[in-house]
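Step one of this worksheet: look at the structure below.
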Ligand SMILES: Nc1ncnc2c1ncn2[C@@H]1O[C@H](COP(=O)(O)OP(=O)(O)O)[C@@H](O)[C@H]1O
Ligand SMILES: [Mg+2]
């Protein structure tokens, strides 16, 4: 009789998912329904206090800001990554170009954010350049606002949009574009009407891979954002480390995770329907 | 539908140092079925892409009804192409694939429906309009590609090895249907193929290409019966190719030819030739007769050679014999059709001594190359 080795194969990944995903999520979920401890931690008592305090305008403002930043960054990233990936896929030196996109990743994430502070800060490279060319009379603070956050998020996250788009465009049959042009389409319309629908899976992946890390981002707004451009991640960190309200931190995490999951599920559902 | 005359004038195409097409000129008449025939890599697709507007020639011009179309992009020329891979849009249904060119032109829905149905009927695919390309067989995809290419009412249809992905039986069938469609729509078809049987069976005119160079242009019968050179003779069908010299010109139509391998024999002068010039003869295998031993009552005006059967291939309706004449480098190929019941014929077996002969009018002179 043949042995069924399936369980043995999936055991490591199952263990990994249970220990580092399901259990932490369950802990977070249960903490969010407990009372806060005096110096952090929780009291083992059921309470909806955390969720009640979520419903104040300050938190909702942060939620809204997070959504705006995540949607805007994702849209810009996909819009920029699409022509980039197209260009790379059609280039005779595609491996070199892919390398150029990977190389910045060899530097630490935080250092790359600090590099932007050095560029955008009021005494930074951009200011010095604009003043030396006479375009500016006095220093401007480009940092600590929503736009700085979006810019740096795009810089750090856009490869996650470029790679899935590249791999689907690379597999795309470009004789279809010639066929569309043969049938009367301009190059641009041919790409829009024939290539885009046929690389939808890459676009979906690019959107998910950029939206999810952006929605949960906290390092970027922490370093280049201002107090009025906080994202949910910053709130969680504050409640966990400074205010020490663990149930509140957990409830925000639950909201963040749920919004992401619901969004992703709806998005994937709508995409798979179109696939027939 | 309206059709166009296509004129190719001194067109050359180079890719870097590589010459894909060399000084090509040809005229394709209105409404004809014109084939570009040649081995893989000879530049057929390149020529087709130049006509379609996907490639610019390095030199020369392309005219449709006397108008130079080189400045026009593909979507401004009245041509459509059937691609080797069909190039159906996988995300669209059969209906929408065929409707695609009309949607681009923002034609009204009712008119689109009418035109698509008419074109699907032309290729006998009216019942499949809701399917997606991946649900179709190769032959069905081919039909949809034809319907889609014809819906813009092009004046010229370009077909790049459209049948090469189909199996042999289906290929025959689709070829006949293409011919029928050509008759019905009446536009100029330019048909690229490496398959000589395809080209011979449906074309009005065939242009044989090799290494970017036109070898011969003619009707299928001209190409087959009187090939211009060794390449054409060998590429189209099977043939016997004999090198030699004209040693005597008997009269305006007859001469004596001497081959180092086969000795002297009489030939018919199908073209003018200088005494003493080196030429080659081709004789098609089906023009050569074969009989065992030394038959006594041969007709007049034949050339007779004697040899040994070196090999034979029985294929039912005929047998192919390889007959080695003493001292020849290659055996002669001879077809014997079994018009009588095979068992009743005088048998010819392996290693038999045989005579082969052909009418002096059945050989053709070709350039030596
Ligand atoms: N874009 C190109 N760049 C370089 N060489 C090419 C290109 N297109 C075709 N060729 C070369 O030109 C020759 C003729 O090609 P093609 O017209 O496709 O031949 P065919 O269709 O007769 O098989 C081939 O040797 C091919 O390698
Ligand atoms: Mg080809």
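Taken together, the values in this text are just the output of simple stated rules run on the coordinates, not laboratory data. None of these values were measured; they are calculated from a predicted model. Please note: Cβ atoms are built from the backbone with ideal geometry, for glycine as well, and neighbour counts cover all protein chains shown.
Below, the figures for the structure above:
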| item | result |
| --- | --- |
| Estimated distance in nm for a label pair at residue B:173 and residue A:45, the labels positioned 7 Å out from Cα along Cα-to-Cβ | 8.2 nm |
| Residue B:61 versus residue A:131: modelled label distance in nm, points set 7 Å from Cα along the beta carbon direction | 6.5 nm |
| Cα-projected label distance for residue A:56 with residue A:269, points at 7 Å along beta-carbon direction, nm | 3.4 nm |
| Rounded tilt (10° steps) of B:94-104 against the dominant C-alpha axis of chain B | 70 degrees |
| Per-pair calculated FRET efficiency, R0 = 41 Å: residue B:270 and residue B:312 via Cβ, rounded to 0.05 | 0.85 |
| CD proxy at 222 nm, helix term only [per DSSP H run n ≥ 4: -39500 (n - 2.57); per residue of chain A; nearest 500] | -21500 deg cm²/dmol |
| Extension reserve of the residue A:262-residue A:222 stretch, reckoned as 0.36 nm per residue once the Cα distance is removed | 11.8 nm |
| Calculated FRET value between residue B:298 and residue B:250, using beta carbons and R₀ = 25 Å, to 0.05 | 0.80 |
| Mean separation of Cα contacts under 8 Å (6+ apart) over length of chain B, as relative contact order % | 16 percent |
| Shielding by other protein chains, B:83-96, mean Cβ within 10 Å | 4 |
| Kirkwood Rh and Cα Rg combined as Rg/Rh, region A:142-183 | 1.34 |
| Efficiency of FRET from Cβ geometry, residue A:108 and residue A:9, R₀ 41 Å, rounded to 0.05 | 0.70 |
| Alpha-carbon spread of chain B, three principal axes, descending order, Å | 78, 49, 34 |
